[in-house]
Amino acid sequence: MTSTDTRDVAATVRQIHSLQEAGCELVRAAVPDLEAAQALRAIRERISLPLVADIHFDHRLAIAAIEAGADAIRINPGNMKRSKLPDVLSAAEERGIPIRIGINAGSLEKDLLERHGGPVAEALVESALRNIRLLEDRGFTAIKVSLKSSDVPTMIDAYREIARRTDCPLHLGVTEAGTLLNAAIKSAIGIGTLLYEGIGDTIRVSVTGDPVPEVRIAYVILRALNIRSVGPDIIACPTCGRCEIDLLSVVEEVERRLEGVHEPLKIAIMGCVVNGPGEAAEADIGIAGGRHAGMLFKKGKPVRKVPEGDLVTVLLEEVAALTGRRKP
Ligand code: SF4
């Protein structure tokens, strides 16, 4: 999701391009007012990613966003005037775009909070089912659903239950997950658990601040579950007293220089011969550290010894040779 002011078209487009470069396939922008809704037209013209408009409360913003070319809208029908919902559904139907029902633990209906004693999984599920019915009763079926909570077990329980009770596609996320480390771990547990069980159709990692790391974390989750392999998978040992090279510097530099590479590659950067050759044997390229040097492996075969100072350069040259790209 973009973090720019949507009314600032240039900044929003710039951020969407950065997100796309990182591998984002679907982007959402907040629409807090009419000016933001209207800005979507200029944004849409300058990007190639599908654009989802995020709207709360005001049906007029939803209709304006649809008219401005949004590819989907995210609403919480429960916080929109019931009598105006048909207008929103007609506009979406006319343009053939889907609606995501975005249930969030922070904005649940009052009666559900009271009945369930707080924003628990059952309350999220009941809200989702209620809102799905609201749209389906009016003949609108192009629906996607999310039930986000900042509490990971609540989110997991809620998605498991809704997956049993509806065929609607599900958008997964742990909401308000915090800064980088917290967001990565909470999302990996929440989204990862569900994906591993076969639940979920799209995902969003929520990170406070720059959204580009959201995409990187999402791909690490997908790669860890063998769902999608985009970009290099860098396997690195934690190092120990046997390591005789500055492994951390090599790994960090290689990771940094390969940020724009999207080809799936397995690179093993290992500190010594204990596990180095074994891991390197499974990788496209590998290094097993020795005394101020490393043994280069290609497709499991030892190739040559490389001085420590040349390890980064040699690894990047090998990546370039494998991907057909210029050296990153
Ligand atoms: Fe230690 Fe070698 Fe294992 Fe790395 S690969 S953690 S240096 S034993």
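The values are calculated or read from the model by the stated rules, or taken from the named source; none is laboratory data. In this text the structure is predicted, and so the values were computed from the model without any measurement. We place every Cβ from the backbone using ideal geometry, glycine too, and count neighbours over all the protein chains shown. Accessible surface areas use protein heavy atoms only, side chains included; no ligands, DNA or RNA. Shrake-Rupley method; radii C 1.70, N 1.55, O 1.52, S 1.80 Å.
Summing +1 for each Lys or Arg and -1 for each Asp or Glu, what net charge is found among the other residues whose Cβ lies under 13 Å from the Cβ of Thr208?
-2
First select every other residue whose beta carbon is under 14 angstrom from the beta carbon of Ala188; then total the charges, Lys and Arg +1, Asp and Glu -1. Before the final figure, lay out each step's value.
On the way: positive: Lys186, Arg204, Arg216, Arg223; negative: Glu214.
Around Ala188, the surrounding residues sum to +3.
Using unit Cβ charges (K, R positive; D, E negative) and no other charged atoms, how large, in debye to the nearest 20, is the dipole of the chain about its Cα centre?
Working: 41 positive and 45 negative charges, 95 e Å.
Rounded to the nearest 20 debye, it is 460 debye.
Between 0 and 90 degrees, rounded to the nearest ten: what's the tilt of helix 180-196 against the longest Cα principal axis of the chain?
Helix 180-196 and the main axis of the chain meet at about 80 degrees.
Can you divide the C-alpha Rg of region 65-197 by 2.2 N^0.38 Å and report the result to two decimal places? Kindly include the intermediate steps, with their values, before the conclusion.
On the way: Rg = 15.1 Å, N = 133, 2.2 N^0.38 = 14.1 Å.
Cα Rg divided by the expected 2.2 N^0.38 Å: 1.07.
I want to verify a result. In a Gaussian network model of the chain, Cα cutoff 10 Å, which of these has the top mean-square fluctuation: Cys24, Cys168, Cys240?
Comparing Cys24, Cys168, Cys240 in a Gaussian network model of the chain, the most mobile one is Cys240.
Normalise the Cα radius of gyration of region 1-44 by 2.2 N^0.38 Å (N = residues in it) and let me know the number.
Working: Rg = 9.8 Å, N = 44, 2.2 N^0.38 = 9.3 Å.
Normalised by 2.2 N^0.38 Å, the Cα Rg of region 1-44 equals 1.06.
If one takes the longest principal axis of the Cα atoms in the chain, at what angle in degrees, from 0 to 90 and to the nearest 10, does the Cα axis of helix 34-45 lie?
For helix 34-45, the angle is close to 50 degrees.
Can you give me the relative contact order of the chain as a percent, contacts being Cα pairs under 8 Å and 6 or more apart? Don't jump to the answer; show the numbers that get you there.
Values: 619 pairs, mean separation 30.1, N = 328.
Value for the chain: 9 percent.
Could you tell me the relative contact order of region 233-323? Use alpha-carbon pairs under 8 Å, at least six residues apart, and round to a whole percent. Present the calculation step by step, with values, prior to reporting the outcome.
On the way: 174 pairs, mean separation 21.4, N = 91.
Taking the mean separation of contacting Cα pairs over the length of region 233-323, I get 24 percent.
For the chain, what is the accessible area per residue in Å² when the probe is 1.4 Å? Kindly include the intermediate steps, with their values, before the conclusion.
Details: 15440 Å² over 328 residues.
Each residue of the chain exposes 47 Å² on average to a 1.4 Å probe.
Return the carbon/sulfur percentage of the accessible area of the chain, one whole number, probe 1.4 Å, all protein chains in place.
On the way: 7720 of 15440 Å².
Carbon plus sulfur share of accessible area: 50 percent.
Taking a 30 Å limit on the Cα-Cα distance, which of the listed pairs Lys186/Lys301; Lys84/Lys110; Lys186/Lys305; Lys84/Lys148; Lys266/Lys305; Lys186/Lys299 fall beyond it? The partial results should precede the final answer.
On the way: Lys186/Lys301 38 Å; Lys84/Lys110 20 Å; Lys186/Lys305 41 Å; Lys84/Lys148 25 Å; Lys266/Lys305 20 Å; Lys186/Lys299 34 Å.
Distance filter (> 30 Å) returns Lys186/Lys301; Lys186/Lys305; Lys186/Lys299.
Starting from one equal scatterer on each C-alpha and no solvent at all, send me the Debye-based log10 I(q)/I(0) for region 20-106 at q = 0.17 Å⁻¹, two decimals.
Here log10 of I(q) over I(0) equals -0.64.
When the chain is fully extended, how far beyond the present Cα-Cα distance does Ala142 get from Glu21, taking 0.36 nm per residue of separation? Please list the in-between numbers first.
Numbers: separation 121, 0.36 × 121 = 43.56 nm, distance 2.88 nm.
That works out to 40.7 nm of additional length.
Run the dipole for region 233-323 about the Cα centre, Lys and Arg Cβ at +1, Asp and Glu Cβ at -1, nothing else charged, and hand back the magnitude in debye, nearest 20. Mind showing how you got there, number by number?
Working: 10 positive and 15 negative charges, 84 e Å.
Value, rounded to 20: 400 debye.
Using the C-alpha atoms of region 182-328, what convex hull volume per residue, in cubic angstrom, is computed? Please report the intermediate quantities before stating the final value.
Working: hull volume 18.5 nm³, N = 147.
Considering the Cα atoms of region 182-328, their hull volume per residue is 126 Å³.
With springs only between Cα atoms under 10 Å apart, run a GNM on the chain and tell me which of Val274, Val120, Val174 wobbles the most.
Largest GNM mean-square fluctuation: Val274.
In nm, give the distance between the simple-model label positions of Arg82 and Arg130, each being 7 Å from the Cα along the Cα-to-Cβ direction.
Taking the two extended label points, one gets 1.0 nm.
Got a sec? What order do Arg28, Arg130 fall in by accessible area at 1.4 Å, biggest, i.e. largest, first?
On the way: Arg28 25, Arg130 70 Å².
These residues rank, largest area first, as Arg130, Arg28.
Which of Ser107, Ser146, Ser127 ends up with the largest GNM mean-square fluctuation for the chain, with Cα atoms connected below 10 Å?
Ser107
Taking each pair of distinct Cα atoms in the chain once, what is the resulting Kirkwood hydrodynamic radius in Å? Present the calculation step by step, with values, prior to reporting the outcome.
Numbers: mean 1/r = 0.0458 Å⁻¹.
Radius from the Kirkwood sum: 21.8 Å.
To one decimal place, what orientation-averaged projected area in nm² is obtained for the convex hull of the Cα set of region 100-150? All intermediate terms of the calculation are to be shown ahead of the outcome.
Details: hull surface 13.4 nm².
Approximately 3.3 nm², given one-decimal rounding.
How charged is the neighbourhood of Leu112? Take every other residue with its Cβ under 9 Å from the Cβ of Leu112, and add Lys/Arg as +1 and Asp/Glu as -1. Before the final figure, lay out the partial values.
On the way: positive: Lys110, Arg115, Arg130; negative: Glu109, Asp111, Glu114, Glu122, Glu126.
With Lys, Arg at +1 and Asp, Glu at -1, the neighbours total -2.
So what's the angle, to the nearest 10 degrees on a 0 to 90 scale, between helix 212-224 and the longest Cα principal axis of the chain?
70
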